[in-house]
Amino acid sequence: MSDTAAPAPASGSREAEILSRLGTRLVVLVGMMGAGKSTIGRRLAARLQLPFIDADAEIEAAAGMTIPEIFEVHGEPHFRDGEARVIARLLESGPAVLATGGGAFMREETRSRVHAKAVSLWLKADAEIIMRRVRRRADRPLLQTTDPEATVGRLLAEREPLYSHADLTIASREVPHDRVVDECLEALHARLCREDADASENVAGAVR
Ligand code: S3P
């Protein structure tokens, strides 16, 4: 786990309103490899003055091995079980911003835990952007195939219907990071204000 400590956002600001409505919940970023979950998550956390947590880094710390090593030595099913356990633990440590690995949200159990403990945000990137970003690094075992482009296409087709269960969706694209972060803040703010409005309407309805 890491970084925070600057002064709290100014009272009355959009960030302060998000924080107060979030309570102990986390903001959980989901989406494909290369969608920018860690980059955007880190900046979003800084804007909200919340800790940023990277689930993949926590899994590596818990296992004492890198993700490629876990896949190689124990296989993907073992990695997925560890991933679900680590995320369940991290979901108890809100408020924070949590970036999850691209496959984590595929598990029903993880989706329902995230739903209970967090506001989830899908950073949606298309295949072309994903390929451009993941090409730079060789640390994603699922993409060590003869045709990584076809693999990304297949994974997107399988995963997008499940990523779409996230509370919010923001397009991740080649614009300055701060613009995407602003869009995340705007969407979070709208969502959390709506929750509040719905809650007061329910109370008014019950009293009527
Ligand atoms: C995976 C994504 C990776 C990492 C692992 C598996 C996936 O995380 O968890 O290599 O199944 O999409 P990032 O999405 O942070 O690259």
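Numbers below:
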| read-out | value |
| --- | --- |
| Output for the stretch 142-161, where each listed residue is open to solvent by 40 Å² or more (accessible area, probe 1.4 Å) and in contact with an Asp or Glu (Cβ under 9 Å, 6 or more places away or on another chain) | Leu142 |
| Among (1) touching a residue at least 40 places away in the same chain (Cβ under 8 Å); (2) within 12 Å of the ligand (Cβ to nearest atom); (3) of a type outside the set (A, V, I, L, M) - the single one Phe79 does not satisfy | (1) |
| Residue among Ala127, Ala138 that is within 15 Å of the ligand (Cβ to nearest atom), modelled with pLDDT of 95 or more and out of contact with any strand residue (DSSP E or B) (no Cβ under 6 Å at 6 or more places or on another chain) | Ala127 |
| The stretch 162-194 - residue that is among the aliphatic types (A, V, I, L, M), surrounded by 15 or more Cβ atoms within 10 Å (Cβ to Cβ) and not in a helix (DSSP H, G or I) and, of those, nearest to the ligand (Cβ to nearest atom) | Ala166 |
| From the options Ala104, Ala63, residue that is on the phi < 0 side of the Ramachandran plot and surrounded by fewer than 19 Cβ atoms within 10 Å (Cβ to Cβ) | Ala63 |
| Residue within the stretch 31-49 that is among the aliphatic types (A, V, I, L, M), open to solvent by 30 Å² or more (accessible area, probe 1.4 Å) and part of a helix (DSSP H, G or I) present | yes |
| Residue list for the stretch 93-109, filter: farther than 18 Å from Arg25 by Cβ and within 14 Å of the ligand (Cβ to nearest atom) | Gly101, Gly102, Gly103, Met106, Arg107 |
| Residue pairs meeting the criteria (Cβ under 9 Å; at least 6 apart or on separate chains; first within 23 Å of Arg25 (Cα to Cα) and without any contact (Cβ under 8 Å) to a residue 24 or more places away in the chain, in the stretch 48-75; second near the ligand (Cβ under 9 Å from one of its atoms) and among the hydroxyl-bearing types (Ser, Thr, Tyr)) | Ala57/Ser38 |
| Listing of helices (runs of 4 or more DSSP H) fully contained in the stretch 69-156 that carry 2 or more residues being under 13 Å from the mean Cα position of the chain (by Cα) | 76-90, 108-117 |
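The values are calculated or read from the model by the stated rules, or taken from the named source; none is laboratory data. Just so it is clear, the model here is predicted, and its values are computed rather than measured. Ideal geometry is used to build each Cβ from the backbone, glycine not excepted, and the neighbour counts take in all protein chains shown. All accessible areas refer to the heavy atoms of the entire protein, side chains included, with ligands and DNA or RNA removed. Shrake-Rupley method; radii C 1.70, N 1.55, O 1.52, S 1.80 Å.
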